[in-house]
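Asker: If you scroll down you'll find the structure; I have some questions about it.
The values are calculated or read from the model by the stated rules, or taken from the named source; none is laboratory data. Computed from a predicted structure; not experimentally measured. We place every Cβ from the backbone using ideal geometry, glycine too, and count neighbours over all the protein chains shown. Accessible surface is based on the protein model in full, side chains and every heavy atom, while ligands, DNA and RNA are left aside. Shrake-Rupley method; radii C 1.70, N 1.55, O 1.52, S 1.80 Å.
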Amino acid sequence: QVQLVESGGGLVQAGGSLRLSCAASGSIFRINFMGWYRRGTGAQREFVALSTNGGGTTTYADSVKGRFTISRDNAKNTVYLEMSSLKPEDTAFYYCQINVWTPSTGSVTYWGQGTQVTVSS
């Protein structure tokens, strides 16, 4: 079993910055990919950013490209989301997603508990 603990959300003014963290612990043999999703009020969960290939490849939603940066510390099994130039429309509950492989379970995707990011205008 794998546990994810997110931190770093909060309230920030438009144009400000925040950094989210998501640390994974438990039975981890290999992490295939790590990513972030978000869900605004009444909206479906949407993709934000993805880190694959051990962090060598990153992908972003068009809405955050150039403003958000995903990174990871493989030694700590932690993924980060640096958010800058924040806009009110970035207000959402942010979830981390980590896909873990073990010999007994194969590949399993886990989700963090979520952290609220609120951007005031």
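Conditions tested, residue by residue: (1) closer than 22 Å to Val5 by Cα; (2) out of contact with any Phe, Trp or Tyr (no Cβ under 8 Å at 6 or more places or on another chain).
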residue	(1), (2)
Ser27	yes, yes
Leu50	yes, no
Asp62	no, yes
Asn74	yes, yes
Leu81	yes, no
Lys87	no, yes
Pro103	no, no
Thr115	yes, no
Thr118	yes, yes
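Asker: In region 40-56, how many residues are closer than 26 Å to Thr105 by Cα and open to solvent by less than 60 Å² (accessible area, probe 1.4 Å)?
Answerer: 6
Asker: Starting from region 54-81, keep only residues that are of a type outside the set (A, V, I, L, M, F, W, C), then list their pairs with residues that are outside any strand (DSSP E or B) whose Cβ atoms are within a distance under 6 Å, requiring at least 6 positions of separation or different chains.
Answerer: The qualifying pairs are Arg67/Ser84; Arg67/Ser85; Arg72/Gly55; Asn77/Ile28.
Asker: Right, here's the next one. Would you mind finding the one in Tyr37, Tyr80, Tyr94 that is on the phi < 0 side of the Ramachandran plot, open to solvent by less than 20 Å² (accessible area, probe 1.4 Å) and not hydrophobic (A, V, I, L, M, F, W, C)?
Answerer: Values: Tyr37 fails: open to solvent by less than 20 Å² (accessible area, probe 1.4 Å); Tyr80 fails: open to solvent by less than 20 Å² (accessible area, probe 1.4 Å).
Only one candidate qualifies: Tyr94.
Asker: I've got another one for you. Going through region 8-18 one residue at a time, which ones are open to solvent by less than 60 Å² (accessible area, probe 1.4 Å) and under 14 Å from Thr115 (Cα atoms)?
Answerer: Correct list: Gly8, Gly9, Gly10, Val12, Leu18.
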